[in-house]
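Worksheet for the structure shown next.
The values are calculated or read from the model by the stated rules, or taken from the named source; none is laboratory data. If you're wondering where the values come from, they're calculated on a predicted model, not measured in any experiment. In this analysis, Cβ positions are derived from the backbone assuming ideal geometry, glycine residues included, and neighbour counts consider all displayed protein chains. These accessible areas exclude ligands, DNA and RNA; they are computed on the full protein's heavy atoms, side chains included. Shrake-Rupley method; radii C 1.70, N 1.55, O 1.52, S 1.80 Å.
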Amino acid sequence: MTTSAAGDADPDSFERVVNDLAPGCTVDDTEEGGLYVATVNGVVKYGVFVDLSEQLSGLVHESKLDGTYEIGDEMLVRLVEIRENGDLGFEDVTTEFDDLDRVDVAHGDGVTIDELADRTGDAVHVEGDIVQIKQTAGPTIFSVRDGTGVVPCAAFEEAGVRAYPAIELGDTVRVTGGIETHDDAPQLEVDKLVRLRGEAKTEVRERIDAAIAANAEPADPDPLIEWPAFDSLREGLTAVARRLRTAVLEGRPIRVRHHADGDGMCAAIPVQLALENYIADVHADPDAPRHLFKRLPSKAPFYEMEDVTRDLNFALEDAERHGQRLPLLFMVDNGSTEEDTPAYRALAQYDIPIIAVDHHHPDPDAVGPLLDEHVNPYLHGEDYRITTGMMCVELARMIDPSITDDLRHVPAVAGLADRSKAHAMDDYLALAADAGYDETELEDIVEALDYAAHWLRYQSGPNLISDALDLDCDDAERHAELVEFLSSRARRDVERQLDDAEPHVEHERLDNDAHLYRLDVENHARRFTYPAPGKTTGELHDRKVTETGDPVITIGVGPDFAVLRSDGVRLDIPNMVTELQDELEGAGVSGGGHLVVGSIKFVPGARERVLDALVEKMEAAELDAELRSTLLRDDN
């Protein structure tokens, strides 16, 4: 408000509106003729003294009093005079508060959160939504977002006591106070916090929604390489980037679940780096990246119930203990199959949004209704040769283009880790070479990542993995030494495993002229050490591909599972799983994968039936030179 003469004001508007001033309000926030909420602070023979705010007091003369009041009473007054010396004169108004529109008047400039860093020491007010309420041993910390950022607002009642207990998560509020610096970041010290209602709430909500829509829009960097097969995926990746940036602007935590292999890590780590940068830009709290982003590896190439129950438990505890919203789940390098749906349905009980970027053969009818966004090359007529790491590097650049130079080698690492047969691998390898990484170094990084992931098990190992991948690593010498150490031990352990296992490998030539190698990994490979059964099967397969130069299928067999690899043979493992489920009643068949890589589970008693049926399908599979291994790159 601004000060004016009483005759300049609209008396009708004053009769409808009563102003409730924030503690810091001064005479500049008032105008003559206006109605105000006042608190009686003194009673004398000639009237009562009232406070409109901590800064603003005045007298209601006995000639202007219609009622009897005591100290502490709330009353309605009209400002009738602002004298030249600054004294204020009021008159008593007996109208019921319920008959008026009560408006909270903030003190200080109305500012957006992204402007606060330049307003240290100023009295301001911000309007936005409560996205977190955290009770500390001292003040209550309300995190408020307005679409331009998120700021912590500290309100103190008394040590450890909840301030403004009526304010809830999701409320739209106006917060008035002074800007101070806390941990080198702005924090609003609350003088007053009020919940907005009616038109005031609607106006603020519309402003927030517009700001979020504008600020959530991803960047549109040119792709790292020209690859027409990739073009159809960019629209979906843009939608995912928009969802992730929106979650950050809304103050919603993000949990990333990724397959614990080389491609999964090459996908998740760039997104982690991009999102942590963006969270730091949006949130004034310097600890926000650590609290709002979690990366979690999954051993299985799908979302297991063990994982979802753990995630739900942590999310609900965080909501209870730290006042956080429930998270957005981002599935990376898994999440596309029917096996994921039980976990997704568990999350649906809490309305947790889910998005997935994956290159495993999908079941869109099963997962589509449960996913908010789903990017998968199979949905666009492409296949697994476009790895998740390749997609997520572009996704990370849409979130934060400034990290582009750090990511130029990562798609090549992802492709080598997943044995991508895409022709674009040559371009990615050239891109990595320009960034200073030759193919041998990239292969060493792949081995180091696999070895580290095996021993990390369910831990994310953020610093170790980032150093091995040379992403956000601040010591080039440490990266080189770490990769050499991990990769050399990985190769040593693989050689030991294969040397011990190879005498037990069974071989036959199938009717389609492919070699079939079979290893009982339960009885003829070391357990609970590196390499695990899947890696052992893959390494044996690579050895046989290199030795023969012919189409090769390799099966690693356990008591209730089979790990499959093929080279130059179009197995279409997801389709084979579907057929086995229909053909073998009571075998408990499940699983999936790609055309040439996958795994199958079954009940132990049906092992021989499943394997016999599997071999029959392998014999009928078509040979396909397009599916030859990258190990034979020079022969293509």
Quick one: what pairs do we get from the stretch 30-53, first residue closer than 24 Å to Asp101 by Cα, second open to solvent by 10 Å² or more (accessible area, probe 1.4 Å) and among the polar types (S, T, N, Q), C-beta under 6 Å, 6+ apart or different chains?
Glu31/Thr3; Glu31/Ser4; Asp51/Thr39; Asp51/Asn41; Asp51/Ser57
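Residues checked against (1) under 11 Å from the mean Cα position of the chain (by Cα); (2) assigned to a helix (DSSP H, G or I):
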site	(1), (2)
Ile225	no, no
Gly236	no, yes
Gln272	yes, yes
Lys294	yes, no
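Does at least one position in the stretch 498-512 carry a residue that is surrounded by 22 or more Cβ atoms within 10 Å (Cβ to Cβ) and either at pLDDT 95 or above or outside any loop (DSSP other than H, G, I, E, B) (or both)?
no
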Flagged pairs (Cβ under 8 angstrom, 6 or more apart or on separate chains; first in the stretch 497-523, of a type in the set (Ser, Thr, Tyr); second assigned to a strand (DSSP E or B)) are Tyr517/Glu506; Tyr517/His507; Tyr517/Val552; Tyr517/Ile553; Tyr517/Thr554; Tyr517/Ile555
Taking the stretch 322-343 on its own, how many of its residues are of a type in the set (A, V, I, L, M) and either open to solvent by 20 Å² or more (accessible area, probe 1.4 Å) or assigned to a helix (DSSP H, G or I) (or both)?
2
Considering Val256, Val248, which residue is among the aliphatic types (A, V, I, L, M), crowded, with 23+ Cβ neighbours inside 10 Å and not in a helix (DSSP H, G or I)?
Val256
Sort through Ala268, Ala213 and tell me the only one that's aliphatic (A, V, I, L, M), within 19 Å of the chain's Cα centre (by Cα) and open to solvent by 20 Å² or more (accessible area, probe 1.4 Å).
Ala213
Name the residues in the stretch 133-151 that are open to solvent by 10 Å² or more (accessible area, probe 1.4 Å) and either under 21 Å from Arg205 (Cβ atoms) or of a type in the set (A, V, I, L, M) (or both), would you?
Ile133, Ala137, Ile141, Ser143, Arg145, Asp146, Thr148
Cβ pairs under 6 Å, 6+ apart or interchain, first in the stretch 158-170 and farther than 13 Å from Ile141 by Cβ, second of a type outside the set (Ser, Thr, Tyr) and open to solvent by less than 50 Å² (accessible area, probe 1.4 Å), ordered by first then second residue, are Ala159/Gly138
Only one of these is outside any loop (DSSP other than H, G, I, E, B), open to solvent by 20 Å² or more (accessible area, probe 1.4 Å) and either of a type in the set (A, V, I, L, M) or under 23 Å from Pro286 (Cα atoms) (or both): Glu199, Glu189, Glu203. Name it.
Glu189
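If you check Ala319 against the conditions, is it open to solvent by less than 60 Å² (accessible area, probe 1.4 Å) and without any contact (Cβ under 8 Å) to a residue 12 or more places away in the chain?
Yes, satisfied.
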